[in-house]
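The values are calculated or read from the model by the stated rules, or taken from the named source; none is laboratory data. Computed from a prediction, not measured in an experiment: that's the story for all the values here. Cβ atoms come from the backbone with ideal geometry, glycine included; neighbour counts cover every protein chain shown. To get the accessible areas, we keep the full protein, side chains included, count just its heavy atoms, and leave off ligands, DNA and RNA. Shrake-Rupley method; radii C 1.70, N 1.55, O 1.52, S 1.80 Å.
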Amino acid sequence: MNQQYSGDLTMFKFYLDEAGEREILQQMFSGWSGCSVKERALQYGIPLDIARQCEKTDIPCPALADYLAKGYVLYRKELKQALTFHKRYWREHRLETKEKLKNIFGHKIPPYTVRLNLQCDGISNWYGTDISINAFQYLRPEKHRHVRTLLWELILSQTFMDIRKRYSADEFDDNQVWGMAELTAVSCIQTDFEHNSEDWSIGYEELEPRRKMVKFIYQRRKNFRDYLEQLTDYFIKHPLKKGCR
């Protein structure tokens with residue numbers, strides 16, 4: 001399926017891209033990405049035998065391509081309906097969200113392109129403003145899960161880029177920045193968007209012992225710059241051993 005765009009350019013630009021989703025699935029299954037291939041296959045609804053064929057190789061997997069292509073044909077109508085839903089939802093909520101994010105980060109948030117995935121969950125571009133979420137989260141019992149996921153990936157990417165503006169890879173490699181960004185996303189959403197309604201975990205075993213402390217630092221921050229200074233100091237003293245890879 002070729003890219004199909006829809007949405008408001010002042011906040012989010014939604015699109016469908018089968019090739020883009022196939023590429024990221026191949027990447028996620030080819031190496032360790034915060035959890036095992038088995039766990040990722042279960043999360044994304046991909047048969048484990050197909051996921052295993054992608055493991056430890058960058059060579060495109062024909063079985064994965066075939067499985068995804070059949071899904072895009074089968075759910076073509078539903079994917080287009082998802083585009084319509086997200087366009088309408090964010091047209092109604094974009095202004096309040098933009099203002100809140102600006103206040104949190106202390107700067108304007110640039111427009112984001114958001115791929116709606118058939119199988120994948122949320123994915124961030126650490127160095128840019130292209131993210132993705134699952135197209136059908138809005139149909140699940142927790143109706144606003146799609147909002148949480150989109151905000152998570154946006155906050156993660158903005159945090160990653162803000163840290164990179166201040167610290168080089170020699171000071172903090174990508175694995176360390178990934179951990180800081182993931183923990184910032186959960187702290188921000190629980191504090192500023194969900195108001196601590198539920199202190200849910202994030203599913204990464206290595207990050208869990210740090211989650212409460214990072215949230216504490218976030219809630220006591222003077223501003224985002226002050227938060228990043230305290231966060232990076234904490235990670236200097238408590239670096240990740242494994243990270244996302």
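The residues of the stretch 135-170 that are part of a loop (DSSP other than H, G, I, E, B) and free of Cβ contacts under 8 Å to residues at least 12 places away in the same chain, listed by number, are R140, P141, E142, K143, H144, S168, A169, D170.
Return yes or no: is K215 basic (K, R), surrounded by 12 or more Cβ atoms within 10 Å (Cβ to Cβ) and farther than 20 Å from H144 by Cα? Against the criterion (basic (K, R), surrounded by 12 or more Cβ atoms within 10 Å (Cβ to Cβ) and farther than 20 Å from H144 by Cα), K215 qualifies.
Cβ-Cβ distances below 7 Å connect the following pairs, each with a first residue in the stretch 218-241 that is in contact (Cβ under 8 Å) with a residue 60 or more places away in the chain and more than 15 Å from I155 (Cβ to Cβ), a second residue that is open to solvent by 30 Å² or more (accessible area, probe 1.4 Å) and part of a helix (DSSP H, G or I), and a separation of six or more residues or different chains: L240/N175. Name the single residue, out of those in the stretch 36-50 being touching a residue at least 60 places away in the same chain (Cβ under 8 Å) and outside any helix (DSSP H, G or I), that is farthest from Q137 (Cα to Cα). Restricting to residues being touching a residue at least 60 places away in the same chain (Cβ under 8 Å) and outside any helix (DSSP H, G or I), the top hit is I46. Among residues of the stretch 187-208 that are farther than 12 Å from W152 by Cβ and modelled with pLDDT under 85, none has a beta-carbon under 9 Å from a residue that is part of a loop (DSSP other than H, G, I, E, B) and open to solvent by 50 Å² or more (accessible area, probe 1.4 Å) at least six positions away or on a different chain.
All told, L156 meets the bar of being buried (at least 20 other Cβ atoms within 10 Å of the Cβ) and either modelled with pLDDT of 95 or more or touching a Lys or Arg at 6+ places or on another chain (Cβ under 7 Å) (or both). If the condition is being aliphatic (A, V, I, L, M) and more than 17 Å from K143 (Cβ to Cβ), then the stretch 70-106 contributes V73, L74, L79, L83, L95, L101, I104. Looking at the stretch 51-90, which of its residues are free of Cβ contacts under 8 Å to residues at least 60 places away in the same chain, part of a helix (DSSP H, G or I) and open to solvent by less than 60 Å² (accessible area, probe 1.4 Å)? A51, C54, A63, L64, A65, L68, A69, G71, A82, F85, Y89 - these are the residues of the stretch 51-90 that are free of Cβ contacts under 8 Å to residues at least 60 places away in the same chain, part of a helix (DSSP H, G or I) and open to solvent by less than 60 Å² (accessible area, probe 1.4 Å). Scanning the stretch 91-134 for residues that are hydrophobic (A, V, I, L, M, F, W, C) and in a loop (DSSP other than H, G, I, E, B) yields I109, L118, C120, W126. Among the residues of the stretch 162-181, just one is among the polar types (S, T, N, Q), farther than 14 Å from D233 by Cα and surrounded by 14 or more Cβ atoms within 10 Å (Cβ to Cβ), namely N175.
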